[in-house]
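Okay, structure first, notes after.
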2 protein chains.
Amino acid sequence: MGARDGDDSATAGSTLGYALLSLLTRGPATGYQLASRVKAPIGHFWTAKHSQIYPELARLAAAGWVRAAEEAGPGPRAKKTYELTPDGLAALRAWLVVPPVAQPRSEITLKAYAANSGDPAAMAALYGGLAAQAARTLAEYEQDAADMRAQGMDDPAHPRFGNYAVLLMGLESQRVVQRWSAWLAASLDGGAPVPYPHPPAPRDNGY
Amino acid sequence: MGARDGDDSATAGSTLGYALLSLLTRGPATGYQLASRVKAPIGHFWTAKHSQIYPELARLAAAGWVRAAEEAGPGPRAKKTYELTPDGLAALRAWLVVPPVAQPRSEITLKAYAANSGDPAAMAALYGGLAAQAARTLAEYEQDAADMRAQGMDDPAHPRFGNYAVLLMGLESQRVVQRWSAWLAASLDGGAPVPYPHPPAPRDNGY
DNA sequence: TTTTGACATGTCAACTCTGACATATTCGCG
DNA sequence: CGCGAATATGTCAGAGTTGACATGTCAAAA
């Protein structure tokens, strides 16, 4: 028997399933809309193609975690608008407080590991380009964050506070990529040790 | 026909394949040793189980990118020590300068997206714990980095400069997780907006 | 008017990755 | 002497993920 049959209450879900439940806390949506929502800002840290979303929604529906309302759609098939059920919300809430263990995967860091097997000038150009790209993305995110603060989204009581939290993580990540890539490019370019530009520690906030 | 038959020179490899080639630039190793090497420091950004490594090594050998020397092993099978071939090094060098596109996946960020669907106290405890864990890891990495600098590994000419570069990325990542998790815990705990403790920008190094 | 893009849902083959199963020696510890 | 841990290599089922294929409407731009 499969690991996720919907006949009992203690059904386990995949991370993607919980990601979809999370998206549905923002309001009902079709599979197509979920595929769009999975782009910004959560898409910076979790993505899925529609080919994965549709079957997963079917499984969530079978488990009773989402409910679909059918309408005549533009294409040959009915359009289905999904919404979270109380069971689905309970499952999401239970999953939220489980400490995650998965490690990240980063191809740019993997390439850095083999940096001195590559041509130094080409590698420096690669990381210089990455730094420039990160700087552009960073500026964009900073604007987004300012807009969100103007809307009060930095208040944990705001229904889309999560969007703001995710964006801040994106911002910090881009900052790191920018700084680290620039340091690596300078190191490879100069052929001599370059001190890492560590920022001074910010004030301690008690955690 | 499969995508990675070894009969022609322009064979494409998987990221794991290149990761193994990268590890082999540090010297010949058995599959078992590669499974260990994939732990520190590169394991913070790329991991693989032996069940994935052994078949991949067989593919790399079939493509002529690695060469195996067989010896009598402790178990029922021969022990194989792999080394990089000139073709393998060329393939690695070509891969190194291709800008990566893959996006990271982060479960802790995904959970933050749905933060206000969870119990605030429980969520604050989760992120407070993550911040504490990151602080411990950070201290460990800072010690490692200092040791590496003492060995001259911050010089891009050092054969294990890549280890140092990867460790610095790990250090920065832990710093971000620590700061962001602590901010999130404080926000959820207080129930009111908490300014994000952005560090002042370090000096510009020209990139 | 044609064509492009958005809306909308699905299947399928192939590849990636994990966890469990399977086997066998050697070395150190109690 | 027995036990566990480390060394060492493999297979296999199943879950996760991607990219291509497939279908069809509607509105806006060229």
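The values are calculated or read from the model by the stated rules, or taken from the named source; none is laboratory data. All values reported here derive from a predicted model rather than from experimental measurement. Using ideal geometry, Cβ is built from the backbone for each residue, glycine included, and neighbour counts are taken over all protein chains shown. In case anyone asks, the SASA skips ligands and DNA or RNA and just uses the protein heavy atoms, side chains included. Shrake-Rupley method; radii C 1.70, N 1.55, O 1.52, S 1.80 Å.
If a residue must be in a helix (DSSP H, G or I), within 12 Å of DNA strand D (Cβ to nearest atom) and under 20 Å from the mean Cα position of the chain (by Cα), how many such residues does the range B:28-67 contain? Quick ask: steps written out before the conclusion?
If we filter the range B:28-67 for residues that are in a helix (DSSP H, G or I), which is where we start, we get B:31-37, B:42-44, B:50-62.
If we keep only those that are within 12 Å of DNA strand D (Cβ to nearest atom) as well, we get B:31-37, B:50-61.
Narrowing further to those that are under 20 Å from the mean Cα position of the chain (by Cα): B:31-37, B:50-54, B:56-57.
So the count comes out to 14.
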Can you tell me which residues in the range A:150-163 are facing chain B (nearest Cβ under 8 Å) and assigned to a helix (DSSP H, G or I)?
A:Phe161, A:Gly162, A:Asn163
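Which of the residues spanning the range A:75-97 are part of a loop (DSSP other than H, G, I, E, B) and more than 14 Å from DNA strand C (Cβ to nearest atom)?
A:Thr85, A:Val97
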Being outside the structural domain of B:Val166 (by TED's automatic domain parsing), open to solvent by 80 Å² or more (accessible area, probe 1.4 Å) and within 16 Å of DNA strand C (Cβ to nearest atom) is true for just one of B:Ala48, B:Ala35, B:Ala58, B:Ala72. Which residue is that?
B:Ala72
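Would you check if A:Ala135 is open to solvent by 40 Å² or more (accessible area, probe 1.4 Å), aliphatic (A, V, I, L, M) and at the interface with chain B (Cβ under 7 Å from one of its Cβ atoms)?
When the stated conditions are applied, A:Ala135 does not pass them.
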Filtered residues of the range A:164-176 (kept if within 9 Å of chain B (Cβ to nearest Cβ) and either crowded, with 23+ Cβ neighbours inside 10 Å or within 13 Å of A:His44 (Cα to Cα) (or both)):
A:Ala165, A:Val166, A:Leu168, A:Met169, A:Gly170, A:Leu171, A:Glu172, A:Ser173
Out of all the residues in the range B:91-117, which are more than 7 Å from chain A (Cβ to nearest Cβ) and within 18 Å of the chain's Cα centre (by Cα)?
B:Trp95, B:Val98, B:Val101
Residues (near DNA strand C (Cβ under 8 Å from one of its atoms) and either among the basic types (Lys, Arg) or open to solvent by 10 Å² or more (accessible area, probe 1.4 Å) (or both)) located in the range A:21-32:
A:Thr30, A:Tyr32
How many residues does the range A:79-118 contain that are within 19 Å of B:Leu20 (Cα to Cα) and away from DNA strand D (no atom under 16 Å from the Cβ)?
11
